[in-house]
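To start, the structure under review is shown below, and the notes come after it.
The values are calculated or read from the model by the stated rules, or taken from the named source; none is laboratory data. These numbers were taken from a predicted model, which means no experiment stands behind them. No Cβ is skipped: glycine too gets one built from the backbone with ideal geometry, and neighbour counts run over all protein chains shown. In case anyone asks, the SASA skips ligands and DNA or RNA and just uses the protein heavy atoms, side chains included. Shrake-Rupley method; radii C 1.70, N 1.55, O 1.52, S 1.80 Å.
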There are 2 protein chains.
Amino acid sequence: MSAVAPPHILVVDDEPQIHRFLGPALEAAGYAPMRAATMAEGLRLAAERSPALVLLDLGLPDGDGKLAIPKLRRFTDAPVVVLSARDQEAEKVASLDAGADDYVEKPFALGELLARIRAALRRAGAASRSPTETVIRAGALEVDLGRRTARVEGREPLKLTPREWDLLAALVRGGEGRVVTQRQLLTAVWGPAHVEDAQYLRVYVGHLRQKLGPAAGLIRTEPGVGYRFGAE
Amino acid sequence: MSAVAPPHILVVDDEPQIHRFLGPALEAAGYAPMRAATMAEGLRLAAERSPALVLLDLGLPDGDGKLAIPKLRRFTDAPVVVLSARDQEAEKVASLDAGADDYVEKPFALGELLARIRAALRRAGAASRSPTETVIRAGALEVDLGRRTARVEGREPLKLTPREWDLLAALVRGGEGRVVTQRQLLTAVWGPAHVEDAQYLRVYVGHLRQKLGPAAGLIRTEPGVGYRFGAE
DNA sequence: CCGCGTCTTTACGCCGCCTTTATGCGGGCG
DNA sequence: CGCCCGCATAAAGGCGGCGTAAAGACGCGG
């Protein structure tokens, strides 16, 4: 009586035996697995089929899997669970700070992996189930967090670079009229490793204000603290 | 000092050395740790202080920590990271399925734990915005501690510098009609190193009273002691 | 392999905030 | 009555943060 389609899980790994092992196991657990052997293929599949969760190997033939995480994050909020044979602490920290939700070492116990998948889906589901309108308006500006677009006075969507968009989104998510600290912004856009680089903020806030044009006043500086989004 | 309160992290563990180790480490990482040694105390603290995240040991003197997770979930959505010496797969599965967000085995690497804390806070923070009602009114003045704004007679928010705001916030947080000593104010705004510089207070109280205009009388001098916030 | 866009980094002027000093005022106390 | 301490206010100077520009590094796509 599956009234709801089983959640898709994208498995990105270049070892065939992993797919042979995980594929049936995931199916038995009630998921619909999709397989990819390279980073490029994984990103393409993730973009086309929007899986509910991504299992990601770090050692891929076409590059370090960590680099895939920020790219995934550009178009999906699906939780990413890193599966890797690398057990160095630095790898785990780097992966988690890159945006991964969990890190499981190979070889892994299947039961634990499934439990971690359930936990990640539970946490992500609670977040995405928000019926809150993802379109936020303030003054002449209209930001669609789901669609990753922003328009001023109903004109064409602004052409924003990834960093510019992330910064605007972080400000908007803070809530209208609420201060978002420099720390928070730097963590959200550049990651916890760059909490000190306040200059990034000045540069990119400048870019944003320029592109916002008439709506530039919506980003207000709170000297020594951070920035505030909203009219008035 | 800190314009925005650091996230509180509740550490529930009965081993004192864990607190001795984690307390300073969490502080250094920019969090405000709270400690509890039993499940009952942990639940009480979590209810009273609503921490941003809970670090939970499984082996507590007054019961299995797993039982605490559903109870926590009744009044908070804060992520729960289980810290345990038990490495059996069944324990991990049970904890995660009980509602935990992550499971870290003791002994753990501090860097990894901090990274997992960041990941959990990141995922949880995207969803829940703590709508802490923090508006305090007194006479013609209205201070919103969460929004970091202050208005007089419903007019435009006052334009306050960081020091001015910190000082006003420290006064308001003291409670209406309560004296806040010079020591307390200096510590809160300028840090413990400037406990002697009472002149700072005179200068900045002056600035504040000037900007408050009609509400200037709300800051009353208590000669030789400190200042008092409130009407009458 | 090359060109282009984006990100990072550096440099610089400027404004505003913080700190510090000076001065006046008022009350307590000898 | 005069002294002194604490409070209030004004003003000056240094300095750091902010905004802007621009160049080099980097990665991506053709």
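Worth pointing out:
- Condition met for residue A:81 (within 14 Å of DNA strand C (Cβ to nearest atom), of a type in the set (Val, Ile, Thr) and either in the same structural domain as residue A:45 (by TED's automatic domain parsing) or outside any strand (DSSP E or B) (or both)): no
- Residue satisfying condition, being more than 10 Å from chain A (Cβ to nearest Cβ) and at pLDDT 90 or above, within set B:89, B:164: B:164
- Whenever a residue of the stretch B:185-202 is outside the structural domain of residue B:222 (by TED's automatic domain parsing) and open to solvent by 50 Å² or more (accessible area, probe 1.4 Å), it has no partner that is near DNA strand C (Cβ under 10 Å from one of its atoms) and not in a helix (DSSP H, G or I) lying with C-beta atoms less than 7 angstrom away and at least six residues away or across chains.
- Every residue from the stretch B:56-65 that is touching a Leu at 6+ places or on another chain (Cβ under 9 Å), part of a strand (DSSP E or B) and crowded, with 16+ Cβ neighbours inside 10 Å: B:56, B:57
- Under the condition of being within 17 Å of residue B:124 (Cα to Cα), in a helix (DSSP H, G or I) and of a type outside the set (Ser, Thr, Tyr), the residues counted in the stretch A:184-195 number 5.
- Test: residue in the stretch B:71-86 that is facing chain A (nearest Cβ under 8 Å), in contact (Cβ under 8 Å) with a residue 24 or more places away in the chain and surrounded by fewer than 19 Cβ atoms within 10 Å (Cβ to Cβ): yes
- Hits in the stretch A:191-224 - residues which are more than 14 Å from chain B (Cβ to nearest Cβ), more than 11 Å from DNA strand C (Cβ to nearest atom) and under 22 Å from the mean Cα position of the chain (by Cα): A:205
- For the stretch A:170-180, the set of residues classified as surrounded by fewer than 19 Cβ atoms within 10 Å (Cβ to Cβ) and either small (Gly, Ala, Ser) or more than 12 Å from residue A:229 (Cβ to Cβ) (or both) consists of A:170, A:175, A:177, listed by residue number.
- Selection from the stretch A:1-52 of residues that are farther than 22 Å from residue A:84 by Cβ, without any contact (Cβ under 8 Å) to a residue 12 or more places away in the chain and in a helix (DSSP H, G or I): A:27, A:28, A:48
- The condition of being touching a helix residue (DSSP H, G or I) at 6+ places or on another chain (Cβ under 8 Å), open to solvent by less than 30 Å² (accessible area, probe 1.4 Å) and within 14 Å of DNA strand D (Cβ to nearest atom) holds for only one of B:164, B:112, that being B:164.
- Within the stretch A:27-39, the set of residues being of a type in the set (A, V, I, L, M, F, W, C) and either farther than 10 Å from residue A:12 by Cα or touching a His at 6+ places or on another chain (Cβ under 9 Å) (or both) comprises A:28, A:29, A:32, A:34, A:37.
- Taking (1) in a helix (DSSP H, G or I); (2) at pLDDT below 85; (3) small (Gly, Ala, Ser) in turn, residue A:170 satisfies each apart from (2).
- Among the residues of the stretch B:6-23, none qualifies, meaning not one is touching a Pro at 6+ places or on another chain (Cβ under 8 Å), β-branched (Val, Ile, Thr) and open to solvent by 20 Å² or more (accessible area, probe 1.4 Å).
- Residue pairs meeting the criteria (Cβ under 7 Å; at least 6 apart or on separate chains; first in the same structural domain as residue A:203 (by TED's automatic domain parsing), in the stretch A:148-165; second assigned to a strand (DSSP E or B) and open to solvent by 70 Å² or more (accessible area, probe 1.4 Å)): A:157/A:151; A:158/A:151
- Odd one out for residue B:146 among (1) in a loop (DSSP other than H, G, I, E, B); (2) within 12 Å of DNA strand D (Cβ to nearest atom); (3) of a type outside the set (Asp, Glu): (2)
- Residues of the stretch B:42-55 classified as surrounded by fewer than 17 Cβ atoms within 10 Å (Cβ to Cβ) and more than 11 Å from the chain's Cα centre (by Cα), total: 3
- Test: residue in the stretch A:95-115 that is more than 13 Å from every other protein chain (Cβ to nearest Cβ), assigned to a strand (DSSP E or B), farther than 22 Å from residue A:205 by Cα and not small (Gly, Ala, Ser): no
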